[in-house]
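Bear in mind these aren't lab numbers, they're just calculated from the coordinates by the rules spelled out. Treat the numbers as computed from the prediction; the structure is a model and nothing was measured. Heads up, the Cβs are rebuilt from the backbone with ideal geometry, glycines too, and the neighbour counts pull from every protein chain shown.
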Amino acid sequence: MLEKMSQSDPGDFAKLGELIRDIQVALLTTVDCDGRFHTRPVQTLQVEDDRTLWFFTDWSSPKVDELHHDVRVSLGYADPAKKVYVAVSGSGSLFRDIQKAKQLWSIEQRAYYPEGPEDEHLALLRVLIERGEYWIAPGRTSYLVAAVTAAATGTPAGVIGENRKIT
């Protein structure tokens, strides 16, 4: 029930990637030219084993200028129904690569890029993950047991569930 936080081991990135694939939609945060955070939702199109995430964006999007100014990004994923949360940070870069766009393409993307993978507005955003962390919380019963234990012993509970840091 209670599991201590641990540092990364070889399987942690595989688990992180699995959680990201399941959730898909993240909140991407970049830094604007004034040093302020700018956050918006993005759909994760691919998670690669080498810590690479792929997204589509528009060349006219504010994130293009923001990434030219500061490549640091953060992505937050959440599935409250399953009590799963993921945070990653790394560097972002933009590309025009029609072949990669074709690999990532799905018909729903036509809503944003009517010309398909060849659309001149379509940019590929690649994020290289430098650090990640995930949390998987147990059900309510585990929290109640931890609360009773903490009340009885006077010692606060540690991490309830699973928490991993990937560096």
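What label, among (i) 19.7; (ii) 16.9; (iii) 17.6, belongs to Kirkwood radius over Cα pairs in Å computed from the structure on display?
It is the one labelled (iii).
L104 to L27: FRET efficiency via 1/(1 + (r/R0)^6), r the Cβ-Cβ distance, R0 22 Å, to the nearest 0.05?
Between L104 and L27 the formula returns 0.65.
Under the rule of -39500 (n - 2.57) per DSSP H run of 4 or more residues, summed and divided by the residues of the chain, what mean residue ellipticity at 222 nm is obtained, to the nearest 500 deg cm²/dmol?
For the chain, the value works out to -7500 deg cm²/dmol.
If you filter the stretch 55-150 for GluC sites (Glu not before Pro), then keep DSSP loop positions with at most 15 other Cβ within 10 Å, what is left?
Here the sparse-neighbourhood loop sites are E115, E120.
From the cross-link list K15/K83; K15/K100; K15/K165; K15/K82, which pairs have alpha carbons spaced over 20 Å apart?
K15/K100
What dipole magnitude, in Debye to the nearest 20, does the chain give about its Cα centre under +1 on Lys/Arg Cβ and -1 on Asp/Glu Cβ?
600
Go through the stretch 1-102 and name the chymotrypsin sites (Phe, Trp or Tyr not before Pro) that are in a DSSP coil and have 14 or fewer other Cβ atoms within 10 Å of their Cβ.
Passing both the DSSP loop test and the Cβ count: W59.
Per q in 0.14, 0.24, 0.25, 0.31 1/Å, what log10 I(q)/I(0) does a Debye calculation on the alpha-carbon atoms of the stretch 115-167 return?
-0.60, -0.92, -0.95, -1.14
Which of the trypsin sites (Lys or Arg not before Pro) across the stretch 97-146 are loop residues per DSSP, with 15 or fewer other Cβ within 10 Å?
Qualifying residues, ordered by number: none.
Quick one: compute the contact order of the chain, relative version, from alpha carbon pairs under 8 angstrom and 6+ residues apart, as a percent.
30
Going Cα to Cα from K102, which aspartates and glutamates come in below 13 Å? Please leave out same-chain ones fewer than 8 positions away.
Leaving aside aspartates and glutamates fewer than 8 places away in the same chain, those within reach of K102 are E115, E118, D119.
Simple spin-label model, 7 Å along Cα-to-Cβ: V64 to R40 in nm?
Placing both labels 7 Å along Cα→Cβ, they lie 1.1 nm apart.
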